[in-house]
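No lab work stands behind these numbers, since they all come straight from the coordinates. What you see is a predicted model; the values in this text were computed from it and never measured. Glycine gets a Cβ as well: all are built from the backbone with ideal geometry, and neighbour counts include every protein chain shown.
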Amino acid sequence: MAEQAFRLATWNLQNLGREDNPAGVYEQKLDFLAGVLERIDADVVVVNEVREPEAFRDLGDRLPGLPERHLADAPTDFRRLHTGILTRLEVQARGQWYEFPAVVPGRGGEVERAKFRRPVPWLRVRTAGGEFFLVIGVHLKSDRPELESIPESEPPRRQTVLGQALAVTGRTMESAGLRCLLDEALLRRPDEALALAGDFNDGPASDGVRLVCGVEAGLAESAEGQRLALVSATAGLPAGQEFSYQGWDRRQQLDHILVSQLLAGRVARAGIENHLLTDGPPRDRGSRPVGYPRSDHAPVWVDFGPGGAG
């Protein structure tokens, strides 16, 4: 089996859909997004914040070079945001993860099944050389306080504090549950490479991302733990160039491509197209652009060489 070079990318499209964009702006946004993705020319692309299946279809129609498309279901009890995957590679299997194992404080330590805030799509693809690997798309909870879950009878400040705690706790639980599912996938097919990509709404040094990577709290101390650990494919980017989001008076790397050990040694080149953010609309705590025909996130991409490249 020949190991082939390929490119993987991820991009949060920022509310791609007619619901958030007037007709003219929607078409501009589609043209802009498709133009950038054509230039990046990845073999597999994970996209976040698709507002409806029709918008995913419209984007795909502008990208005929990525004919295989897989859109996860929308949440049933949260804001309707889909995660999708587009690829030119042969698809062997597809599915999505709806639930993850979790332990809820105060319930006796029993392991339960909790729902991902947004279903997690996955594709098993095969390169032209016959190599199989698993691509998983993810969009974890943001740090926006979950005010909708707090009784309106509470004072505004308390609503914010308790809502913030829910957001942080929810993302951490999703991160831990995702790590458990990744363990299962890697142990089930130890000879198959795995890549996890999307908007984690957290930085590379955060507890959540470190949990997903399997390096938090001694998870990588054993030989098996090291084999199951994931590696950030963009870790080698120069300081100051690694941000994928610009807003709320700061720059952050929220979008990541994490890869298993079988792919880690094949990272040949990586980039974040954050030059696209430098002329975006002003973002502060009191304003959010409506109908913005671009995105407030930057695409992240990684080139994987044949075996031994890096």
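Less than 5 angstrom separates the built amide H of residue 214 from those of 230, all sequence-distant by 5 or more or on a different chain. As a proxy for reagent exposure, ranking 82, 139 by other Cβ atoms within 10 Å from fewest up yields 82, 139.
The value of relative contact order for region 6-304, using C-alpha pairs under 8 Å at least six residues apart, is 20 percent. A simple count of charges around residue 11, restricted to other residues whose Cβ falls under 10 Å of its Cβ and scoring Lys, Arg +1 and Asp, Glu -1, yields -4. I'd like the distance separating the alpha-carbon centroids of region 1-49 and region 164-191, in whole Å. The distance from the Cα centre of region 1-49 to that of region 164-191 comes to 25 Å. With the Kirkwood sum run over all distinct C-alpha pairs, region 155-221 has a hydrodynamic radius of 13.5 Å.
For n ≥ 4 DSSP H runs only, could you compute -39500 (n - 2.57) per run for the chain, divide by its residues and tell me the 222 nm figure to the nearest 500?
-8000 deg cm²/dmol, from helical runs alone.
Among 18, 158, 126, the largest mean-square fluctuation in a Gaussian network model of the chain (Cα springs under 10 Å) belongs to 158.
Each of residue 250 and residue 93 was given a label point 7 Å from its Cα along the Cα-to-Cβ line. The distance between the two points is 4.0 nm. A Cβ-based charge dipole, computed about the Cα centre of region 6-304 with Lys and Arg at +1 and Asp and Glu at -1, lands at about 60 debye. Shape verdict for region 89-243, please, from the Cα gyration tensor: rounded (a/c under 1.5), prolate (a/b greater than b/c) or oblate. Judged from the Cα gyration tensor, region 89-243 comes out prolate (a/c at least 1.5, a/b above b/c).
Derived scalar couplings between HN and Hα for region 194-202 equal 9, 9, 10, 9, x, 8, 8, 6, 7 Hz in order, rounded to whole Hz, by the Karplus curve 6.51 cos²θ - 1.76 cosθ + 1.60 (θ = phi - 60°), x for Gly and Pro.
In nm, give the distance between the simple-model label positions of residue 217 and residue 241, each being 7 Å from the Cα along the Cα-to-Cβ direction. Rounded to a tenth, the inter-label distance reads 3.6 nm.
On the beta carbon distance between residue 147 and residue 5, with R0 = 35 Å, the FRET formula returns roughly 0.15.
For region 5-105, the relative contact order works out to 28 percent when only alpha carbon pairs closer than 8 Å and six or more residues apart are counted. Counting other Cβ atoms within 10 Å as a rough exposure proxy, the listed residues 134, 140, 219 run 219, 134, 140 from fewest neighbours to most. In plain terms, the residue of 251, 171 with the fewest other Cβ atoms within 10 Å comes first and the most crowded comes last, giving 251, 171. Listed values for region 164-169 are Karplus-derived 3J(HN,Hα) couplings in whole Hz (6.51 cos²θ - 1.76 cosθ + 1.60, θ = phi - 60°), namely 5, 4, 4, 5, 5, 4, and x replaces Gly and Pro.
Cα-Cα pairs above 32 Å in the chain: how many percent? So the portion of pairs separated by more than 32 Å is 25 percent.
Measuring max minus min along each principal axis, the C-alpha atoms of region 15-112 give extents of 52, 35, 19 Å (largest first). Couplings 3J(HN,Hα) for region 134-151, derived from phi with the Karplus relation 6.51 cos²θ - 1.76 cosθ + 1.60 (θ = phi - 60°), are 9, 10, 10, x, 9, 9, 7, 4, 6, 8, 5, x, 7, 5, 5, 9, 9, x Hz, where x marks Gly and Pro. Over region 187-262, Cα pairs under 8 Å with separation of 6+ residues give a relative contact order of 43 percent. Looking at region 116-186, the GluC sites (Glu not before Pro) that sit in a DSSP loop and have at most 16 other Cβ atoms within 10 Å of their own Cβ are 152. On the beta carbon distance between residue 269 and residue 110, with R0 = 41 Å, the FRET formula returns roughly 0.35.
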